[in-house]
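Have a look at the structure below before the remarks.
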Amino acid sequence: DLGRMYRLMTHLDNADTKSERKLEWIHSQGTVVISVQFAKNTCDITLKVTQALVLLSFANGAQMSAKDVALILGMDIYEVQRNALSLMKKPPILVKVTEGEGNEELKEDELLKFNKQFTPKKNRFKAAQLPVYPQAVLNMLKLEREQAIEGNAVQLMKTKRTMKYNELVNSVISQITNFHPSSYDVRQRVEDLMTKAYLKRNDKDRSSVDYVA
């Protein structure tokens, strides 16, 4: 399904906890071509991979909000909004269900739909470019994600008291639903929690982690 496709893209990293090497597919740089059936013709559209996943979420006449798409794909809500907004620009592949609403911003709960009545001038075209976030917004998003990972890790350890290192990493990944952290990112946050003395390696089993009360 679409969510599984997105998780496969974003989780392609090195599982070796002792290595600093990281293998990552930069999916934001990739493009795909999708044949899209409009009311009067079929067009081949070139899109970024994330744009394609968002667009495919609206197959079969579905009407959904950015929040719905984020839940289906496991994609961060900001990324869904960014990709959806680009698909609402010229050429307008997605439109808001409520007519007359502007396309400059998209609220989490605003419904969108595939613009089936759109008549492209060409049978092959590119979707609009993704809007670029200011660096301050990206920094804030990075901080929010780090805090979410650490918060989930601490909450799990408070309950379990002791966990296998890899079990903790996998549990944190499964707990977070509004974005999908890589195992590398979670390991980084767990190591940071050890540095801050919230967690520590088990004295008898170095593959386990203890919660520090």
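The values are calculated or read from the model by the stated rules, or taken from the named source; none is laboratory data. Worth saying up front: this structure is predicted, and the values here are computed from it rather than measured. Cβ: placed from backbone, ideal geometry, glycine included. Neighbour counts: every protein chain shown.
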For the list (1) closer than 30 Å to Gly61 by Cα; (2) touching a helix residue (DSSP H, G or I) at 6+ places or on another chain (Cβ under 8 Å), I need the number of the one condition that Val190 fails. (1)
Screening Lys96, Lys18, Lys22 for residues that are out of contact with any Pro (no Cβ under 6 Å at 6 or more places or on another chain) and either among the aromatic types (Phe, Trp, Tyr) or at pLDDT 80 or above (or both) leaves only Lys96
Filtered residues of region 40-99 (kept if among the basic types (Lys, Arg) and out of contact with any helix residue (DSSP H, G or I) (no Cβ under 7 Å at 6 or more places or on another chain)): Lys40, Arg82, Lys89, Lys90, Lys96
Residue in region 184-203 that is farthest from Ala148 (Cα to Cα), counting only those that are in a loop (DSSP other than H, G, I, E, B) and free of Cβ contacts under 8 Å to residues at least 40 places away in the same chain: Asp203
How many residues, within region 166-178, are assigned to a loop (DSSP other than H, G, I, E, B) and at pLDDT 95 or above? 0
Report yes if some residue within region 138-151 is touching a residue at least 40 places away in the same chain (Cβ under 8 Å) and buried (at least 18 other Cβ atoms within 10 Å of the Cβ); otherwise report no. yes
If Asp210 satisfies all but one of (1) touching a residue at least 24 places away in the same chain (Cβ under 8 Å); (2) more than 28 Å from the chain's Cα centre (by Cα); (3) in a loop (DSSP other than H, G, I, E, B), what's the number of the condition it fails? (3)
Matching entry among Pro120, Pro181 (being assigned by TED's automatic domain parsing to the domain that holds Ala39, surrounded by 12 or more Cβ atoms within 10 Å (Cβ to Cβ) and either in a loop (DSSP other than H, G, I, E, B) or touching a His at 6+ places or on another chain (Cβ under 8 Å) (or both)): Pro120
Suppose we filter region 116-136 for residues that are in contact (Cβ under 8 Å) with a residue 12 or more places away in the chain and more than 16 Å from Ala66 (Cβ to Cβ); how many remain? 13
